[in-house]
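> Dumping the structure here so I can ask a few things about it.
Bear in mind that the values in this text are calculations on the coordinates, not laboratory data. Quantities reported herein were computed from a predicted structural model and do not represent experimental measurements. So basically every Cβ, Gly included, is an ideal-geometry build from the backbone, and we count neighbours across all protein chains shown.
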Amino acid sequence: MINRICVVFSTFFGLGFAPGAPGTVGTLGAVGVVYLLSLAGGVVFYSIFTLGLILVSFIAAGRCVRIFKREDPPEVVIDEVCGFLVCMLFITPNPLNLAIGFFLFRFFDIAKPFPIRRVEKLPGGYGIVMDDVLAGVYGNLCLQAIILLSS
């Protein structure tokens, strides 16, 4: 039962089973989460939710390593959800910002500039989740700069 819950959670309700680009599909699912969180409360609620999600994701993603018998199973996309939530932290989630944030996050998640590739080597769920959290930090900083420069 616990394994099934971990798989459902880690694949973000099955989005991780999308053929071809599960990380991109998982990130698209995260766009809806960002929007719903923006309706639910302010930045404090958003921040606490994101931190809680990251902590639970360490455990669930780590368990999925054993379930799927792979170090970084492509089906696990909860890390993309966490990373995109970090990318959009303190950002107004209007359509333009969501689109730019999406592309920035995916770019940094795929390119893995220093030290993201190094963090990816952390054991179990920590490496799976933290590389995406760092990609989210990079995306957030770039998006903050774009917003600042365009105003």
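> Multiplying the sequence separation of K112 and I146 by 0.36 nm and subtracting their Cα-Cα distance, what value in nm do you get?
Stretched fully, the K112-I146 segment lengthens by 10.2 nm.
> Still on this model: Summing Lys, Arg as +1 and Asp, Glu as -1, what charge do residues with Cβ under 15 Å from the Cβ of T50 carry, T50 excluded?
-3
> Please compute the contact order of region 1-125 in relative form: average sequence separation of alpha-carbon pairs under 8 Å and at least six residues apart, divided by the residue count, as a percent.
Answer for region 1-125 is 35 percent.
> Taking 7 Å along the Cα-to-C-beta vector as the label spot, tell me the L55-F90 distance in nanometres, rounded to one decimal.
So the two model labels end up 2.2 nm from each other.
> With a sphere of radius 14 Å drawn around the Cβ of C87, what net charge do the other residues whose Cβ falls strictly inside it have (Lys, Arg +1; Asp, Glu -1)?
Values: positive: R106; negative: D79, E80, D109, D131, D132.
In short, -4.
> Amide H to amide H under 5 Å from F12: which residues, 5+ apart in sequence or cross-chain, H placed 1.01 Å off N in plane?
Amide H neighbours of F12, under 5 Å, 5+ apart: V77, I78.
> At 20 °C and 1.002 mPa s, what whole-number value in µm²/s does Stokes-Einstein give for the translational diffusion of the chain, with Rh from the Kirkwood sum over Cα pairs?
141 µm²/s
> With angles folded into 0 to 90 degrees, how steeply does helix 22-40 sit against the dominant principal axis of the chain? Use alpha carbons for both and round to 10.
60 degrees
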